[in-house]
Amino acid sequence: MTVKGLVFYTQGVNSGVNAMKITLQDWGRRHYTPSPSIRILRSWAATGQIAGAEKVGTSYMVEEDAVRTPVVVQCTNMGMSPRAQQILHAA
């Protein structure tokens, strides 16, 4: 369920000014064209990739000017056979 047009004002932690929070879907529409699916946006929020994302009930609220910081996953050769590692490194 998406809450459209819902806006929250919260007291900023460091700034002492009111920051406007918007729904995750609205944030996605404002920052991406075309907007990522709500499923992707929720995944980003749940894994901490969107700074300041806060779960309110079943929806996420984010600051209007929030920034996404992608998580960098490092590949390792754990669990790979020696032959698979050899093929991978030859490429």
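Go through the residues of the stretch 11-24 one by one and say whether even a single one is under 12 Å from residue 59 (Cβ atoms) and at pLDDT below 50. Give the steps one after another, and end with the answer.
First, the residues of the stretch 11-24 that are under 12 Å from residue 59 (Cβ atoms): 21-24.
Going one step further and asking which of them are at pLDDT below 50, we end up with none.
Looking for residues that are under 12 Å from residue 59 (Cβ atoms) and at pLDDT below 50, one finds none in the stretch 11-24, hence no.
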Condition first: farther than 18 Å from residue 72 by Cβ and part of a loop (DSSP other than H, G, I, E, B). Now tell me which residues in the stretch 26-56 satisfy that. 32, 33, 34, 35, 36, 37, 52, 53
Tell me whether the stretch 33-40 contains one or more residues that are among the hydrophobic types (A, V, I, L, M, F, W, C) and surrounded by 15 or more Cβ atoms within 10 Å (Cβ to Cβ). yes
Of the criteria (1) crowded, with 17+ Cβ neighbours inside 10 Å; (2) at pLDDT below 70, which one residue 2 fails: (1)
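Would you be able to say whether some residue in the stretch 65-84 is touching a Gly at 6+ places or on another chain (Cβ under 7 Å) and at pLDDT 85 or above? Break it down into steps so the answer makes sense when it comes.
The initial filter retains those residues of the stretch 65-84 that are touching a Gly at 6+ places or on another chain (Cβ under 7 Å), namely 66.
So of that shortlist, the ones also at pLDDT 85 or above come out as 66.
Yes, the conditions are met somewhere in the stretch 65-84.
The values are calculated or read from the model by the stated rules, or taken from the named source; none is laboratory data. Quick caveat: nothing in here was measured; it's all calculated off a predicted structure. Positions of Cβ are backbone-derived with ideal geometry, glycine not excepted, and every protein chain shown enters the neighbour counts.
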